[in-house]
Amino acid sequence: MPLIDSKNSLDANSPMRDSVVMIAQPYQLYIERTDASKNMARFYAMAIEPTLFGDICLTRRWGRIGAQGQMMKHSFAREDEAVRLFLDLLRQKRNRGYHPKGKQAAT
């Protein structure tokens with residue numbers, strides 16, 4: 001018995017993968033940059049998660065603390081590419097004075 005019900009089945013040559021993408025470990029980050037003298041209160045958040053389409057997605061959110069802020073998504077074929085960007089962005093933000101919530105930056 002054939003696996004498809006006609007010669008024109010949409011399933012016959014589907015490029016979609018049947019496997020579920022798993023990431024090695026969860027990557028989530030929330031950091032802040034505050035300076036009362038400059039009325040600065042910013043946040044930056046990142047997370048790496050699998051998509052329903054088998055890719056890896058790095059989601060970034062940033063803005064003023066208490067506001068919705070902005071969001072950007074980056075899709076990658078491999079987890080290591082997403083992790084590389086995650087770490088590069090973290091390094092940049094740490095160099096600009098961002099720190100974990102509740103911690104004060106070293107002066």
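Only the coordinates and a few stated rules stand behind these numbers; no lab work does. Every value quoted in this text rests on a predicted model; they were computed, and no experiment measured them. Here Cβ is always computed from backbone atoms with ideal geometry, including for glycine, and neighbour counts include all displayed protein chains.
For segment 47-60, filtering for residues that are assigned to a loop (DSSP other than H, G, I, E, B) and within 18 Å of L29 (Cβ to Cβ) leaves 0. The lone criterion from (1) more than 17 Å from K103 (Cα to Cα); (2) surrounded by fewer than 16 Cβ atoms within 10 Å (Cβ to Cβ) left unmet by I65 is number (1). Taking the listed residues R61, R78, the one that is closer than 22 Å to E32 by Cβ, of a type outside the set (S, T, Y) and in contact (Cβ under 8 Å) with a residue 12 or more places away in the chain is R61, with no other qualifying. Restricted to segment 61-81, and to residues there that are within 9 Å of F43 (Cα to Cα) and assigned to a strand (DSSP E or B), the residue that is nearest to the chain's Cα centre (by Cα) is R61.
The residues in segment 82-99 that are loosely packed, with under 10 Cβ neighbours inside 10 Å and not in a helix (DSSP H, G or I) can be counted, and the count is 0.
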